[in-house]
Amino acid sequence: MHWTVGRKIGLGYLIVALALLSVGLIAQRSLSGLLEAARWKEHTFAVLHQLDQIHTLLKDAETGQRGYLLTGRDSYLAPYQQALRDLPSALRALAELTRDNPAQQQRQQALQHALNSKLSELRDTIALRRTQGLAAAQAVVQSDRGKQWMDRIRVVMTDMGAEEQRLLQQRDQAQLQRANLALAVLRYGIPAALMAMLLAAWAVGRNIVGPLAELTQAASLIAAGNLAPRLSSQPRRDELGQLREAFASMASSLRSKASLASQIATGDLRVAPPLSSTQDELGLALRNMVENLQAVVGSLQQGKQLMAGVVGTVSSGAQQVSQATDETAVAITQLATTIAELRQSSEITAQRMAEVSHNSSGAAEVAQDGRKAVADTAQAMAEIQQRMHLVGERIAELTERSLDISAIISVVNALAEQAAILAVNASVEAAHAGEQGGGFVAVAQEMKTLAGQSKQAVSEVRRILLDIPPTISALLQATEQSSAAVHIGVNRVGVAGEALARMASEAHSNAEAAQQIASSALQQLSGVQQLAAAILQIKQDNQANLHSMRQMQQATQDLQQTNQQLTRAIEHFQR
């Protein structure tokens, strides 16, 4: 017979129920016996009470008869008459009470016969006293007939009372025995039933609760991460044995999947997690995680290659922009030197024009010198104009380079955002994998950090590029202003040349021409000073632009380092 857990528990309950039922039945029989003994005792007391009542009624009848015989008055017959009325019912009650006892029935019949004879003797004496007088009645009394029947009645009643007393003693003894039995049942039966209950509980606990506690502890260890719980090797054929085998199989499956998760955590994505069944959710999750990791690593490799190309392009552009900025700085330095020379020439011209103004006698000679100085100034102005044109071309080229760098930075930013999204997806997949994806969480976090650094570097480069256009615009505007000022200077130098020519041809108007030339020289000096200030501003802006280019080169180097870190993180995985 195959003893299942349900049958074992049912057997325990059956033993307890049988023990309680046995105690209950014995106690019920004992209590029924007690109740029966108590009922028979009441019956005995009723018989004795009925005998006492008959004896009392008989004495009342005899008392009434004697009173009447002595007085002749009917009022003394009241007890006698009452006894005559009550004795029949008392005799019937006694007969009913003794119906179950044949010996008592015989005594009751003898008692009834003796009572009838005694009552007949009482009626005769009363009748004689009423008809013949006291002497006739007294003669009957003295014949001792009534005394004989009274003695007979006492003997019968004494025997009946003795019989009832004997029965009372028997019933008391039987009641005592049943009470002792009931006490014995309560004293020994209940502890025996409790002992049976404890034995059944111990057997159930030893056979069921103990193995259940072992399996519960094993489940707690598995929940805590210990996949090698100790299970009993004792063979069982019930549900607990099947449950223990299921726990052992589950622990073995979990250990196998933990080993696969460890391989995945070390970067080996070539494993193929087996499925225990079509409903193996953990196996399916591991398989999906490996596939997703392979796809993520592939995407990261593509992103790494694309980022490497973008970084190379940005680095090359930054170098070109830096070189152009250096060339612009050299040109601006040369232009500043030329402007300084022009300012010195203008100052000399002004001084000479002042001398011409005060010394008209050397007007022709001074005019010749002034013409030469004007020629030099025109040549210098032409050179300045050419250099300003070159600065404008360099600034336009710098603007185009800035636009190219901005487009490259947009591509790098998109790649950084894609890498951040991939890192978030990897973190989600690792969180779904639970503790088995803990190793990949660190990798995903590193990818996310690298993507954040890339975005930060791109943001810094973009900020620098955003600062470049306003600077270039200001530089271009200053260059245009400088070119206009140079053009004005050239025109004014031409005017000065014409004035000097007229001064040479017309010596008589030397003083007036000298004053006009002096005024023109002062205006020229003011324009040259303005041009020098503009060139100084252009130089400062170009230095700021050069500093921005240096920062962009540093950001490009940081981006290259980030790409190298991403490459090392990808090489950690084996596909």
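Looking at 87, 91, 186, 122, can you tell me which residue is farther than 28 Å from residue 50 by Cα and assigned to a helix (DSSP H, G or I)?
186
Given the residues 186, 181, 128, which is the only one that is under 27 Å from residue 36 (Cα atoms) and surrounded by 16 or more Cβ atoms within 10 Å (Cβ to Cβ)?
Sole residue among the options that is under 27 Å from residue 36 (Cα atoms) and surrounded by 16 or more Cβ atoms within 10 Å (Cβ to Cβ): 181.
Looking only at region 131-168, how many residues end up being more than 18 Å from residue 77 (Cα to Cα) and open to solvent by 50 Å² or more (accessible area, probe 1.4 Å)?
18
Name, by its number, the condition in (1) in a helix (DSSP H, G or I); (2) closer than 26 Å to residue 231 by Cβ that does not hold for residue 275.
Only one criterion is unmet by residue 275, namely (1).
For residue 426, state whether it is modelled with pLDDT under 75 and of a type in the set (A, V, I, L, M, F, W, C).
yes
Could you list, ordered by first residue, the pairs with Cβ atoms under 8 Å in which the first is in region 135-156 and among the polar types (S, T, N, Q) and the second is surrounded by 13 or more Cβ atoms within 10 Å (Cβ to Cβ), at least 6 apart or interchain?
Between residues of region 135-156 that are among the polar types (S, T, N, Q) and residues that are surrounded by 13 or more Cβ atoms within 10 Å (Cβ to Cβ), the close pairs are 138/69.
Consider residue 118 carefully, then state whether it is open to solvent by less than 60 Å² (accessible area, probe 1.4 Å) and basic (Lys, Arg).
Criteria met by residue 118.
So which of 501, 534, 507 is surrounded by 15 or more Cβ atoms within 10 Å (Cβ to Cβ), among the small types (Gly, Ala, Ser) and modelled with pLDDT under 75?
534
Testing residue 229 on (1) assigned to a helix (DSSP H, G or I); (2) in contact with a helix residue (DSSP H, G or I) (Cβ under 7 Å, 6 or more places away or on another chain); (3) open to solvent by less than 60 Å² (accessible area, probe 1.4 Å), one condition comes back false. Which one is that?
So residue 229 meets the others, but not (1).
Only one residue in 76, 80, 68 is in contact (Cβ under 8 Å) with a residue 60 or more places away in the chain, in a helix (DSSP H, G or I) and closer than 16 Å to residue 129 by Cα, so which one is that?
68
The values are calculated or read from the model by the stated rules, or taken from the named source; none is laboratory data. Computed from a predicted model, the values in this text were never measured in an experiment. Note: ideal-geometry Cβ built from the backbone for every residue, glycine included; neighbour counts use all protein chains shown. Remember, those area values only see protein heavy atoms, side chains included, never the ligands or the DNA or RNA. Shrake-Rupley method; radii C 1.70, N 1.55, O 1.52, S 1.80 Å.
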